[in-house]
There are 2 protein chains.
Amino acid sequence: MKTKDKIIHAALGLFNECGERNVTTNHIAAHLGISPGNLYYHFRNKEDIIDSIFDQYVNYLADNFQPHSEGDVTLEVMMRYLDSMFETMWRFRFLYYSLPSLLSRDPNLHKKYLKFQEISAQREVDLLFSLQKNNVVNIQMEDLDELANSIKVVLVSWVSYRTTISKDAKVYKTDIYRGILKTLFMMKPYFTEQALVDYQHMREYYLRLATAETVVPDINGELF
Amino acid sequence: MKTKDKIIHAALGLFNECGERNVTTNHIAAHLGISPGNLYYHFRNKEDIIDSIFDQYVNYLADNFQPHSEGDVTLEVMMRYLDSMFETMWRFRFLYYSLPSLLSRDPNLHKKYLKFQEISAQREVDLLFSLQKNNVVNIQMEDLDELANSIKVVLVSWVSYRTTISKDAKVYKTDIYRGILKTLFMMKPYFTEQALVDYQHMREYYLRLATAETVVPDINGELF
DNA sequence: GTCTATAAGTCGATAGAC
DNA sequence: GTCTATCGACTTATAGAC
């Protein structure tokens, strides 16, 4: 792996583990066993590193999200979407750990973020609309946008929320499944009777994952 | 006003306006026209200032929240509760601007926060339960806790969320009313038919407040 | 209580040799 | 590409005079 990629990789791992504000360029260099000067040969500054990670994040999500086939959009398709969203947020969780602070310090990143949010908001509305057409949900048209937005709020806030109520101020993988359960629950009042059966199955599935024994993250496993 | 109180007051204003991480003890002192040494005579360190503000926050909420009378708990009572919650979060919005970062740096504050959250969570469950008894909402018992929790997630995340989607990375008072609308919307599927009429009225009321001309906050008005 | 002055440390970033 | 060495800016916090 090239040094530039190594830096991005190490930075992501350390940011996720310790929070971006607590990780200096010196830390990243030391962690890789390279000099600070070398790091600054590859990146103009710390912001530059974060920007690169954000680009990876957007690409990662684009790769892992199959645009829903024009066929039937079932609850399962919706779940795959939420799965992939939460999975990505786990992988890049430092971004959501203190998003306001991150964005206020980097207007360029903020612009990119807003653009990205606009796209995913539209995608969620589309998904709900398709669920509607397939009789999975029954939502009044005037409520559809707002439900999609409510789900989005919980989605982007989840990592941060779980961090605040965690005794050791950390998120674990099981927290992610709880997030999926939470968004499922928010859709529950709108499910049609036949979809409610599927809801119960999915709920049980994610509940099992959410209550699985919490594995203390291994920093080496995280980073390499 | 005593110097100690002046410091707390100025710190709160600056934290809200600029974010706690961007405000140093020197900034606070300079803003008040006192010396850094003087500030450190009154507070051991910055953490000490934040802790004092948090205590004010808890007291403020305790004062402004009238424990719901044992009489009828209507939708209006619930709204007064949400009103006062959001109002408090506006007044102390810097706390929610980057809560995870704040709490991870101050374990003592984290403990206090968790205790406080536990109390308010229980209060929200109680409120929903009372609404249930008064035929305002109709919620299956197994869903009551989860709905209360969902509302709480949106509540504590709202300031942060609105900051991220704001073009200038700031929250305004109108954002607060949108937050109330959002929590109202989350309860909507559970309202009984007669309560839905009240819902529409309240929705219109807060919608007017939310879409009122945005007033650019005056830093002097904020601080003095 | 309040001030001035400054120590002690951190962090981002660069210069210049190899 | 990588290293060593270091600068400058900023921040917290304290010592000691008034």
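When each copy gets a label point 7 Å from Cα toward the beta-carbon at B:Q56, what are the spacings between them in nm, shortest first?
Relative to the other copies, B:Q56 has label-point distances of 4.2 nm.
Sticking with the crude label model, points 7 Å out along Cα→Cβ, report the distance from A:Y172 to A:A62 in nm, one decimal please.
Modelled inter-label distance: 3.6 nm.
So which of A:K152/B:K188; B:K4/B:K167; A:K115/A:K173; A:K152/A:K173; B:K46/B:K112; A:K167/B:K46 end up more than 25 Å apart, counting from Cα to Cα?
Going by Cα-Cα distance, B:K4/B:K167; A:K115/A:K173 fall outside the 25 Å limit.
When the accessible area of chain B is split by element with a 1.4 Å probe, what percent falls to carbon and sulfur?
That share works out to 50 percent.
Taking a probe of 1.4 Å, how large is the accessible area per residue of the protein assembly as shown, in Å²?
Roughly 48 Å² per residue, with all protein chains present.
Taking only the C-alpha atoms, wrap a convex hull around the range A:1-116 and report its volume per residue in Å³ as a whole number.
Normalising the Cα hull of the range A:1-116 by residue number yields 116 Å³.
Running a GNM on chain B with Cα contacts under 10 Å, which residue among B:K115, B:K170, B:K182 ends up with the highest mean-square fluctuation?
For chain B, modelled as a Gaussian network with Cα springs under 10 Å, the answer is B:K115.
Given Cβ point charges of +1 (Lys, Arg) and -1 (Asp, Glu) and nothing else, what value in debye, to the nearest 20, does the dipole of chain B about its Cα centre take?
About 780 debye.
On the principal axes of its Cα set, how long, how wide and how thick is the protein assembly as shown? Give whole Å, largest value first.
Projected onto the principal axes, the Cα atoms of the protein assembly as shown cover 62, 61, 43 Å.
If I take every Cα pair under 8 Å that is 6 or more residues apart in chain B, average their sequence separation and divide by the length, what percent do I get for the relative contact order?
This gives 20 percent for chain B.
Mind checking the alpha-carbon convex hull of the range B:47-214 and giving the volume per residue in Å³?
Spread over its residues, the Cα hull of the range B:47-214 gives 119 Å³ apiece.
Please determine, in degrees from 0 to 90 and to the nearest 10, the orientation of helix B:173-187 with respect to the longest principal axis defined by the Cα atoms of chain B, where the helix direction is its Cα long axis.
Taking Cα atoms only, the helix is inclined about 30 degrees.
How big a patch of accessible area, both sides summed and in Å² to the nearest 100, lies buried between A and B at a 1.4 Å probe? The partial results should precede the final answer.
Working: alone 12400 and 12380 Å², together 21410 Å².
Interface between A and B: roughly 3400 Å².
Using all Cα-Cα distances in the range A:1-43, what percent lands in each 5 angstrom bin from 0 up to the longest?
The distribution over the range A:1-43 is 5, 26, 37, 22, 8, 0, given as percents.
For the Cα atoms of chain B, what angle does the longest principal axis make with the long axis of helix B:193-210, in degrees from 0 to 90, nearest 10?
That works out to roughly 30 degrees.
What angle do you read, to the nearest 10 degrees and between 0 and 90, between the alpha-carbon axis of helix B:107-133 and the longest principal axis of chain B?
20
More than 19 Å apart: what percent of Cα pairs in the range A:18-79 qualify?
53
Given +1 on the Cβ of Lys and Arg, -1 on the Cβ of Asp and Glu, and no further charges, what dipole in debye does the protein assembly as shown carry about its Cα centre, rounded to the nearest 20?
My answer is approximately 1480 debye.
Shortest first and in nm to one decimal, what separations exist between A:V125 and its copies in the other chains, measuring from label points 7 Å along the Cα-to-beta-carbon line?
With the label placed 7 Å along Cα→Cβ, A:V125 yields 3.7 nm.
The values are calculated or read from the model by the stated rules, or taken from the named source; none is laboratory data. What you see is a predicted model; the values in this text were computed from it and never measured. Counting neighbours? That spans all protein chains shown, and the Cβs are built from the backbone with ideal geometry, glycine included. We work out accessible area using only protein heavy atoms, side chains counted, and drop any ligands, DNA or RNA first. Shrake-Rupley method; radii C 1.70, N 1.55, O 1.52, S 1.80 Å.
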